[in-house]
Amino acid sequence: MRVTDFALRLIAAVTLWSGAGHAFEVEDRQIYSAVAETSVLRVISTADKAVFEPIITAFQKANPGISIDYTITGTTDLMQAIYEEGAVFDLAISSAMDLQTKLANDGFAQSYLPTNAASLPDWAIWRDQLFAFTQEPAVMVVSNTFFKQGEAPQTRDALIALLRENPDRFRGRIGTYDVRRSGFGYLMATQDSRTSETFWRLMEVMGRLDAQLYCCSGDMIADVASGKLALAYNVLGSYAASEQAKTEGFHIVELTDFVNVMLRTVLIPANAENVKDARVMVDFLTGLRARPDLADKTGLPPVDAGALQNNPALRPIRFGPGLLVFLDQLKESKFLRSWENSILQETP
């Protein structure tokens, strides 16, 4: 594709979005042009370009005629784009399992059975509309300035005790998600609260210590690596592992009491126009277990039932109606009020 064609398409797309009055926020956008384009696959995703680009490159090597129009947004913005604004994309990829489940449950996804479905565990596909292709733990990242290797707390109870005993050391130096802004953060918080009562005690302690709130894992990881934060809680483990390969200053802790494991999912929106290529990409993504080279390049662990069975602390989040409980408007409002009361406290 010529550069002039690329520029015209980008201008036209931006104009279309603006003219339609769409309000969802686009964090980044990249068009990966095929050398001899036969079609364009439009993808909206919450995965950072640096993480997902190796997958796009490998996909285009196997499918050289398909250009990829890749739009990056947040989890709640992706939901808004498809559910409320009717934005047209051929694939939607997100780390917020609950929001993706709601899209499928409410009629915003097309049905499809991947060609490799027989090799996938039953829990990786929901209603032939929602497809898991990674399993990623929520972890704690800790600063090397504050913790030597092996010194960080290994359970939530130990973390709570450490923070209570050392308020001056940790005040203003703890990071976690702002669950009002982050769909992934909200998912992790609600799952934590369902798994253990320690969640609310931990939030109260963090609140008393002026916890810093973030929209994204990348920002938390950067502040921990720089020493601005002592630790960050419920960070997306795949991003932490990817960043650790190129950045010093922090290490990763998988807490031993339990580790929630998110399944990154892909669906084909009901209004998708390039369904043929969307299905090809679904097949490619759900087959990532056969591509260890891409797992190494992206830091995204593919779906692997064996890995979950080998570590009893890992608690994979499962598809189903239970994921929709905290999306009920009344329950969501109640949860957010409780969270705000715990985390948004006046500094003593």
Original post:
What pairs come up if the first residue lies in region 106-126 and is farther than 12 Å from Thr286 by Cα, the second is among the small types (Gly, Ala, Ser) and not in a helix (DSSP H, G or I), and their beta carbons are under 7 Å apart, counting only those six or more places apart or on different chains?
Top reply: Gly107/Ala270; Phe108/Ala270; Ala109/Ala270; Gln110/Ala270; Gln110/Ala272
**OP:** Identify all residues within region 317-334 that are open to solvent by 30 Å² or more (accessible area, probe 1.4 Å) and either outside any helix (DSSP H, G or I) or over 20 Å from Gly183 (Cβ atoms) (or both); write none if there are none.
**Re:** Arg318, Phe319, Asp328
Subject >> Filter result for the condition that a residue is among the aliphatic types (A, V, I, L, M), within 30 Å of Pro312 (Cβ to Cβ) and touching a residue at least 12 places away in the same chain (Cβ under 8 Å), over Leu103, Leu99 >> reply: Leu99
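So, in region 161-216, exactly how many residues are among the charged types (D, E, K, R) and under 20 Å from Thr46 (Cα atoms)? Before you say what the answer is, go through the steps one by one.
Going residue by residue through region 161-216, those that are among the charged types (D, E, K, R) are 164-165, 168-169, 171, 173, 178, 180-181, 192, 194, 197, 201, 204, 208, 210.
Now restrict to residues that are under 20 Å from Thr46 (Cα atoms): 178, 180-181.
Final tally of qualifying residues: 3.
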Subject >> Selected residue (criterion: most open to solvent (accessible area, probe 1.4 Å)) from residues of region 126-154 that are farther than 19 Å from Met262 by Cα and of a type in the set (Ser, Thr, Tyr) >> reply: Thr145
**OP:** Consider only pairs whose beta carbons are under 8 Å apart and that are at least six residues apart or on different chains; among these, list those whose first residue lies in region 144-159 and is closer than 13 Å to Glu254 by Cβ and whose second residue is of a type in the set (Asp, Glu).
**Re:** Thr155/Asp257; Arg156/Asp257
Subject >> Single unsatisfied condition, Arg337 versus (1) in contact (Cβ under 8 Å) with a residue 40 or more places away in the chain; (2) assigned to a helix (DSSP H, G or I); (3) open to solvent by 40 Å² or more (accessible area, probe 1.4 Å) >> reply: (1)
Subject >> Total residues in region 162-174, condition open to solvent by 10 Å² or more (accessible area, probe 1.4 Å) and out of contact with any Asp or Glu (no Cβ under 8 Å at 6 or more places or on another chain) >> reply: 8
Subject >> Pair list, Cβ < 7 Å and 6+ apart or interchain, from region 70-83 residues that are in contact (Cβ under 8 Å) with a residue 24 or more places away in the chain to residues that are open to solvent by less than 10 Å² (accessible area, probe 1.4 Å) and β-branched (Val, Ile, Thr) >> reply: Tyr70/Val43; Tyr70/Ile56; Thr71/Val43; Thr71/Ile44; Thr73/Ile44; Leu78/Ile44; Ala81/Ile44; Ala81/Thr73
Subject >> Leu285 vs. criteria assigned to a loop (DSSP other than H, G, I, E, B), of a type in the set (A, V, I, L, M) and within 17 Å of the chain's Cα centre (by Cα) >> reply: no
Original post:
open to solvent by less than 60 Å² (accessible area, probe 1.4 Å) and touching a Pro at 6+ places or on another chain (Cβ under 7 Å), is that true of Leu314?
Top reply: yes
Original post:
With respect to the numbered conditions (1) under 18 Å from Leu314 (Cβ atoms); (2) at pLDDT below 95, which one is the sole condition not fulfilled by Gly150?
Top reply: (1)
Original post:
What number of residues within region 44-81 are closer than 23 Å to Tyr186 by Cβ and either of a type in the set (D, E, K, R) or under 15 Å from the mean Cα position of the chain (by Cα) (or both)?
Top reply: 16
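The values are calculated or read from the model by the stated rules, or taken from the named source; none is laboratory data. Note that this is a predicted model, so its numbers are computed, not measured. Positions of Cβ are generated from backbone atoms using ideal geometry, with glycine treated the same way; all protein chains shown enter the neighbour counts. Protein only, heavy atoms only, side chains kept; ligands, DNA and RNA dropped before computing areas. Shrake-Rupley method; radii C 1.70, N 1.55, O 1.52, S 1.80 Å.
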